[in-house]
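The values are calculated or read from the model by the stated rules, or taken from the named source; none is laboratory data. Quick caveat, the model's predicted, so the values are computed rather than measured. Every residue, glycine as well, gets a Cβ built from its backbone with ideal geometry; the counts of neighbours run over all protein chains shown. These accessible areas exclude ligands, DNA and RNA; they are computed on the full protein's heavy atoms, side chains included. Shrake-Rupley method; radii C 1.70, N 1.55, O 1.52, S 1.80 Å.
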Amino acid sequence: MKPCAATEIGSWDLTADVVVAGYGVAGAAAAVEAAATGAEVLVLERAGGWGGAAALAGGFIYLGGGTALQRACGFDDTPEAMSAFLMAAMGPGSDKAKISAYCEGSVAHYDWLVECGVPFKPAFYGEPAWEPAADEGLMYSGGENAHPFDTIAKAAPRGHLPQMEDKRTGERGGGYMLMKPLVETAERLGVKAHYDMRIEQLVVEADGRVCGVVARQYGERVTVQARRGVVLATGSFTYNEDMLAAHAPLLLDRPGSAVEEHDGIAVRLAQGLGAGVAHMDACEVALHMDPQYLIRGMMVNGRGQRFINEDTYPGRIGQAALFQQENQTFLVLDEEGFEEAARVSSAPDFLQLRPTWVCETATELAAEMGLPAGALESTLEVYNRHAEEGRDPLLHKTARWLRPLRGPLGAVDLRGMTSGFALGGLTTNPDSEVLHVNGDPIPGLYAAGRATAGIASWGYASGASLGDGSFFGRRAGRSAALNV
Ligand SMILES: Cc1cc2nc3c(=O)[nH]c(=O)nc-3n(C[C@H](O)[C@H](O)[C@H](O)COP(=O)(O)OP(=O)(O)OC[C@H]3O[C@@H](n4cnc5c(N)ncnc54)[C@H](O)[C@@H]3O)c2cc1C
């Protein structure tokens with residue numbers, strides 16, 4: 001991870017103004033913006049093609065403040081409301097300067113995506129789900145309209161989704177229709193890409209300025225000069241077990257919602273130059289189930305107690321399950337709830353739920369589940385008593401989803417049903433300059449995407465990664481291109 005001194009490079013194999021490492025969302029946005037600013041841009045991508053995790057992703061891009069799509073779907077929003085939500089929902093330690101810049105620039109960023117050719121269908125999807133049933137373009141994607149955020153900021157849906165037919169998240173999701181137009185735009189602007197080329201080292205001048213990278217392609221060492229700057233956009237450290245063990249151990253042995261190229265190289269290379277890092281222990285967490293079931297039931301922990309309102313963003317429930325409930329969670333539902341959820345669900349098969357246990361009474365069910373005697377019964381009694389009055393004074397689930405759970409009960413064993421990706425990374429400023437531990441920018445070094453600590457710290461909303469990756473990716477490309 002030690003940098004290579006520029007004096008050790010005899011001659012450069014390749015040269016450009018701006019060198020971007022990684023052709024996922026942050027890299028593509030950086031390449032487009034740097035090229036649009038007039039720079040000669042070279043992208044080095046470790047995989048055999050562009051896309052990264054972004055092309056597999058569901059495609060949510062967290063945008064708001066009154067985008068044309070929000071307005072077309074009949075929603076008012078302001079940068080202030082968006083910022084108030086993000087400051088509350090992205091967790092303690094969220095970067096205020098980045099969130100402010102992001103919210104103020106969000107409407108223009110949406111317009112830029114549209115100009116690049118990213119298609120959005122002006123249709124709102126209002127059902128509980130991880131993703132819309134079809135190709136609708138707008139959805140609540142962070143629990144904005146549920147407790148506690150509905151009391152903090154005026155709610156508006158901000159999950160913007162590129163329109164795409166036959167989406168298969170995890171293979172070729174809605175994120176593909178974000179990536180394809182961005183890469184085509186980059187190509188139109190003259191950006192060149194080299195595939196199967198993996199960066200391994202940063203090259204620095206005697207004065208500390210980053211002036212290139214050393215990469216490897218088919219076993220051969222390749223030296224690449226960056227006359228103006230290097231942009232690190234190589235993703236998170238989700239697939240680096242040593243880094244997970246050191247920083248985010250609860251993600252170890254869990255499926256990673258990323259691609260295996262996310263090995264933390266950007267953090268390790270930049271740390272070799274003294275870069276700072278932030279929120280290395282924070283993670284996005286998905287809970288594998290359709291929220292249609294969740295919202296109709298009662299989520300309990302290993303002590304048979306409720307711990308969160310079931311109508312909130314399911315990723316928030318996943319984080320609470322993994323980090324606060326030791327990954328020991330169960331969903332309790334009655335027959336009516338199971339049947340109704342299955343009937344209205346549009347989720348793929350792997351998110352459908354079948355009860356692990358079914359019993360006539362809560363006491364029998366608790367015994368089968370191995371819960372402490374009496375705990376589930378009292379949780380259910382309190383839930384039902386208040387649900388009958390259309391209230392949830394404990395956890396504030398909205399009245400629409402409150403109904404006493406009656407008759408035979410089923411429970412789904414959700415222990416361990418979480419996956420996620422690391423949110424921590426390099427410290428950057430709103431211009432995407434990588435910051436040294438002393439707070440100064442490292443000359444010539446820029447970063448964006450999940451290689452950096454972005455807008456999310458300990459919280460999350462679907463779209464925060466493609467959102468801040470594309471937004472601050474653009475800023476990284478622009479800052480590098482203007483570094484003359
Ligand atoms: C199934 C799934 C669904 C998701 N859904 C959403 C969603 O709806 N909304 C959302 O915001 N986020 C979503 N995410 C997360 C999101 O896809 C990622 O967090 C995001 O793509 C990160 O952007 P990035 O540019 O940092 O990384 P990527 O998009 O992964 O790009 C990084 C690129 O760098 C390359 N690379 C790595 N190492 C090197 C190296 N040494 N040299 C050169 N290149 C290298 C990689 O091959 C990759 O192409 C989802 C993720 C998954 C897996």
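Miscellaneous remarks
- Formal net charge of residues neighbouring residue 355 (Cβ-Cβ distance under 12 Å; K, R +1; D, E -1): -4
- Of the solvent-accessible surface of the chain, computed with a 1.4 Å probe and all protein chains present, 49% belongs to carbon and sulfur.
- Relative protection proxy for 40-47, 245-252, 192-199, from highest mean packing down: 40-47, 192-199, 245-252 (other beta-carbon atoms within 10 angstrom).
- Anisotropy class of the stretch 289-416 from Cα gyration tensor, a/c 1.5 cut: rounded
- The dipole here belongs to the stretch 289-416: it is taken about the Cα centre, uses +1 on the Cβ of Lys and Arg and -1 on the Cβ of Asp and Glu, and is about 420 debye.
- Pair residue 482, residue 13: separation of 7 Å Cα→Cβ label points (nm): 3.3
- Distance in nm between pseudo-label sites at residue 187 and residue 171 (7 Å out along the Cβ direction from Cα): 2.3
- Bridging of residue 98 to aspartates and glutamates at a Cα separation below 16 Å is possible for 80, 431, 433, 468, once same-chain residues fewer than 8 apart are set aside.
- Between residue 373 and residue 5, residue separation times 0.36 nm minus the direct Cα-Cα distance comes to 125.8 nm.
- Accessible area per residue in Å² at 1.4 Å probe, computed on the chain: 38
- Inter-part distance where the stretch 356-387 and the stretch 403-439 are each reduced to a Cα centre, Å: 28
- Centre-to-centre, using Cα atoms only, the stretch 189-231 and the stretch 261-327 are separated by 34 Å.
- If you plug the beta carbon distance of residue 406 and residue 250 into 1/(1 + (r/R0)^6) with R0 = 41 Å, you get a FRET efficiency near 0.70.
- Bridge orientation summary for the chain: considering DSSP beta bridges with both residues in this region, about 65 percent are antiparallel.
- For residue 196, the amide hydrogen comes within under 5 Å of the amide hydrogens of 45, 47, 48, 49, counting only partners 5 or more places away or on other chains and with H modelled in the peptide plane.
- Each peptide in 55-62, 150-157 receives the mean, over its residues, of other Cβ atoms within 10 Å, and ordering these scores from highest gives 55-62, 150-157.
- Extending 7 Å from the Cα toward the beta-carbon at both residue 358 and residue 281 defines two label points whose distance is 4.3 nm.
- Cross-linked pairs 121/397; 96/154; 96/192: Cα-Cα separations exceed 25 Å for 121/397; 96/192.
- 15 Å cut-off, amide nitrogen to a point 7 angstrom out along residue 324 Cα→Cβ, residues in the stretch 294-308: 299-308
- Computed from point charges on the beta carbon alone (+1 for Lys and Arg, -1 for Asp and Glu), the dipole magnitude for the stretch 351-470 about its Cα centre is near 280 Debye.
- Per-residue packing, averaged as other Cβ atoms within 10 Å, sorts the ranges 354-364, 95-105 into the order 95-105, 354-364, beginning with the highest.
- Size of charge dipole - the chain - debye, nearest 20, with Cβ of Lys, Arg +1 and Asp, Glu -1, no other charges: 780
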